[in-house]
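Notes follow once the structure below has been shown.
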Amino acid sequence: MISLQAKTRTGNNLTKDEVMAVAYGPKFKSTPITIDYAEFVKVYNQAGETGVISLSVDGKATNVLVHEIVLHPVKNTVQHVDFYVPEAGKKVNANIPLVFIGESEAVKAGNILVKVLHEIEVEALPENLPHNIQVDISKITTLQDDITVADLTVPANVTLLSDKEEIVASVVAPEEEQEAAPVDLSA
């Protein structure tokens, strides 16, 4: 399991290498903490929002999920992180990113792939949450074909919560470019 070290935070005095964070959950007292910026980025790149992280606060480890990240509006650096501590044995809802794979015959023929959804909502135990769900676009062979949520393959221990009829991807014919009428500047 991926692990991350943290310290209990008192006040808002941080070193330049630290980020403010908080850990909370239904059966976990909200705890303000600080984490090392570089270590968090490394852990987040591995776990994402759906990977369980062993968060060690002052030596006591707790399993958490990244719930929210606040970025600096100009620098695009992490300013604050919310860690959610799920109840042991309880399922959680999460939005899982979609990864589009394969080649579509309809796209090869010059049509345009439209990715309607980029993530779907699922329910599972935290340790069973997939990092992503693959969407095989090779199933789209004509303009009439599309992929719906019901067409997606998810692990047996994961329940889809998104509407099963919702379209994930489809193709459309490219629009013909129309020439603009010349502008008469002599008037």
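A few notes on this one:
- Within region 73-187, percent of DSSP bridges classed antiparallel, to nearest 5: 80
- Which of N12, Q79, V99, positive extreme of dipole for the chain (C-beta unit charges): N12
- Estimated from helices alone, the mean residue ellipticity of the chain at 222 nm is -2000 deg cm²/dmol (sum of -39500 (n - 2.57) over DSSP H runs with n ≥ 4, per residue).
- Accessible area of D145 in the full protein assembly, 1.4 Å probe (Å², nearest 10): 40
- Nearest-ten-degree value, helix 37-47 long axis tilted from longest Cα axis of the chain: 60
- For the chain, the Kirkwood estimate of the hydrodynamic radius, built from every pair of different alpha carbons, is 19.6 Å.
- Given K42/K108; K29/K115; K91/K164; K7/K75; K16/K91; K7/K90, the pairs whose alpha carbons are separated by over 30 Å: K42/K108; K29/K115; K16/K91
- Part-to-part distance (alpha-carbon centres) for region 65-79 and region 1-42, which is given in Å: 13
- Relative to the Cα centre, the charge distribution of region 1-115, modelled as +1 at Lys and Arg Cβ and -1 at Asp and Glu Cβ, gives a dipole magnitude of about 240 debye.
- Solvent-accessible surface of region 78-117, taken per residue with a 1.4 Å probe and all protein chains present: 54 Å².
The values are calculated or read from the model by the stated rules, or taken from the named source; none is laboratory data. For clarity, every value in this text was computed on a predicted model and none was experimentally measured. Heads up, the Cβs are rebuilt from the backbone with ideal geometry, glycines too, and the neighbour counts pull from every protein chain shown. In case anyone asks, the SASA skips ligands and DNA or RNA and just uses the protein heavy atoms, side chains included. Shrake-Rupley method; radii C 1.70, N 1.55, O 1.52, S 1.80 Å.
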